[in-house]
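The values are calculated or read from the model by the stated rules, or taken from the named source; none is laboratory data. All values reported here derive from a predicted model rather than from experimental measurement. Counting neighbours? That spans all protein chains shown, and the Cβs are built from the backbone with ideal geometry, glycine included. Side chains included, ligands, DNA and RNA excluded: accessible areas come from the protein's heavy atoms. Shrake-Rupley method; radii C 1.70, N 1.55, O 1.52, S 1.80 Å.
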Amino acid sequence: MLILFLAYLGGALTILSPCILPVLPFVFARADRPFMRSGLPMLIGMALTFALVATLAAIGGGWAIHANQYGRVIAMVVLAVLGLTLISSHIAEWLTRPFVALGNRLSQRSDEHDSVFSAAGLGIATGLLWAPCAGPILGLLLTGAALNGASVQTTLLLLTYAAGAATSLALALAIGGKVFALMKRSLGAGEWVRRALGVLVLAGVAAIALGLDTGVLTRVSLASTGGLEQRLVEWVRPAPAPQPAPKAGEPLPVEGTMPSLDGATQWLNSAPLTAASLRGKVVLVDFWTYSCINCIRALPYVRAWAEKYKDHGLVVIGVHSPEFAFEKIPSNVSDAVKKFDISYPVALDNDYAIWKAFSNEYWPAHYFIDAKGQIRHHHFGEGEYEQSEDVIRQLLTEAGYTNLPGGHVQPNAKGAEAAGSGDYSRSPETYVGYARTANFAGRIAHDDSWTYTAPAILEGGQWTLDGRWTVHEEDAQLDKAGGRIVYRFRGRDLHLVLGPGDKGKPVRFRIRIDGKAPMQDHGSDIDAEGNGTVTKQRLYQLIRQANGSGERLFEIEFLDPGVKAYAFTFG
């Protein structure tokens, strides 16, 4: 129920969003008509169409995307005709004459030329064109739709969001109707207002056709709702509360029993393990995925614990639960296990069976299990490594193991494995695929090859494409050599998950930061001149600033076609 309320409130807040501006003229164009016969059917048509289109965009295939694009063209033509009829009464009479005659025959009521169905039709056209600014609430809804697939819940949430938007537009329409009526009573004002609305309708169509509704208008906001929306999202889905630090000498609570590991699709470095076979051992279960920067930075500690306590009763199990499709390929995971020098058992959880059995939601996540098979502690994310090691030692002591090695591990991590900067103002994780992307400067063409042009100026936190790209749900693939990705970011480190083309051919690239070679700010996967090569599907560390973590302009140009870009992360 809370998520429905959040969806409705997020939709209602769109009246304050700049991306609503191009469709406002379509709504106000009927402000002088009866609300029940004109305004309400139009808003219902708009809400239903948006919910349907958004559902298909999140979960549908290429056919749905193409159908929506053709529908948008038709909708723009229809609404452009509407604008012309508002500007000229002669055009209106000529265009509506056959429809009015047909309506008269059907209804036998010549004094009512407005039709509920025509109003609903305009609503459908508006719904096809409306592209709301992707704030945190809509981002949450579309992400859920993309991850959970087609369902009644998916469509209901999107419909609730659209209903919230329709409610605020209905209020605006009611107020606009009264203002319009007042002006109409003034001598000659009604006709001029009608013509002005026609001009605004045509301007709205032009703005949408040029992509200004999701380009310029997303950056020119008179009343940004992003902060408010983010606080609402955090209220409904708060971040996991940090677990209280265990107090020395006090027993750890029992959180549950260790679930089954039978759902693993494959094991690396070990024969299949079971919960029963691990009784008598202290077990650390580490949920990770090999392109996750947070997981990579935690690995030095997990490896060190496994090595330090392997002869003292500790068994470390890495559960590899993939985020991207390429992380489901066993050979990719096997290569990553070798690259990261992981010698402990790794369960491939491609079906998320173990993930679901633990009711896990995070990467990385550590579950500490005692010798009786009971979960006694957990930790989500990075940090608090000394506390985690103390838990391991406490559980080993409880199990009767003695002469444990002293002190805390101090791994000398380098490259991408080195600890993050701790700068909480750094740019957020940013997905390149359209299912979960945010802060893109411009409009993204779903599953279609498209030529993008990077704007001359990017605001902080914005990114864009340049060149010929095809953007899919979870990646963007370069169709022609010379394409670029540009990001105005903040952070000490910049990482980008990349992969070669479908045939695995290496892709050369060149990095620029503020228009120059990175030199001392280069990451571990490029040289000082900014040159590097994509050879495998993995995370690449491209920037590590030598001094500070201030805002910089990052550019990566690919010298060969075929590369796939998945996600940015920062440190």
request  = Go through Y362, N350, I375 and say which Cα lies farthest out towards the positive end of the charge dipole of the range 337-377; charges sit on Cβ, +1 for Lys and Arg, -1 for Asp and Glu.
outcome  = I375
Relative contact order %, the range 400-496, counting alpha carbon pairs below 8 Å whose residues are six or more apart = 27
note = In Å², rounded to a whole number, the accessible area per residue of the range 316-428 with probe 1.4 Å is 44
request  = Please work out how much length the chain gains when fully extended from A172 to Y352, using 0.36 nm per residue of separation minus the C-alpha to C-alpha distance, in nm with one decimal.
outcome  = 60.2 nm
ask   = Which percent of the accessible area of the range 500-566 is formed by carbon and sulfur heavy atoms (probe 1.4 angstrom)?
value = 45
query = Among 282-289, 254-261, how do they line up from the highest to the lowest mean number of other beta-carbon atoms within 10 Å?
reply = 282-289, 254-261
remark   = Other residues with Cβ under 12 Å from the Cβ of F287 give, with Lys and Arg +1 and Asp and Glu -1, a net charge of -3
message = How charged is the neighbourhood of Q520? Take every other residue with its Cβ under 15 Å from the Cβ of Q520, and add Lys/Arg as +1 and Asp/Glu as -1.
response = 0
inquiry  = Give me the one-decimal nm value for the distance between modelled label points at T274 and D262, 7 Å along each residue's Cα-to-Cβ direction.
reply    = 0.9
Kirkwood Rh, angstrom, the range 337-423 [1 / mean 1/r, Cα pairs] = 15.6
ask   = Which of the lysines could a cross-linker bridge to K505, judged by Cα under 24 Å and excluding same-chain residues fewer than eight apart?
value = K328, K338, K339, K480, K536, K564
request  = Please name whichever of S549, P561, I485 sits farthest to the positive end of the charge dipole of the range 471-571, dipole taken about the Cα centre and charges placed at Cβ: Lys and Arg +1, Asp and Glu -1.
outcome  = S549
request  = For the range 288-396, give the magnitude of the charge dipole about the Cα centre (Cβ charges: +1 Lys/Arg, -1 Asp/Glu; no others), in debye to the nearest 20.
outcome  = 220
inquiry  = On alpha carbon coordinates alone, what is the Rg over Rh value for the range 433-571, Rh being the Kirkwood radius?
reply    = 0.93
ask   = Can you give the net charge of the other residues whose Cβ lies under 14 Å from the Cβ of E327, counting K and R as +1 and D and E as -1?
value = -1
ask   = When only C-alpha pairs under 8 Å and at least 6 residues apart count, what is the relative contact order of the range 420-571, in percent?
value = 31
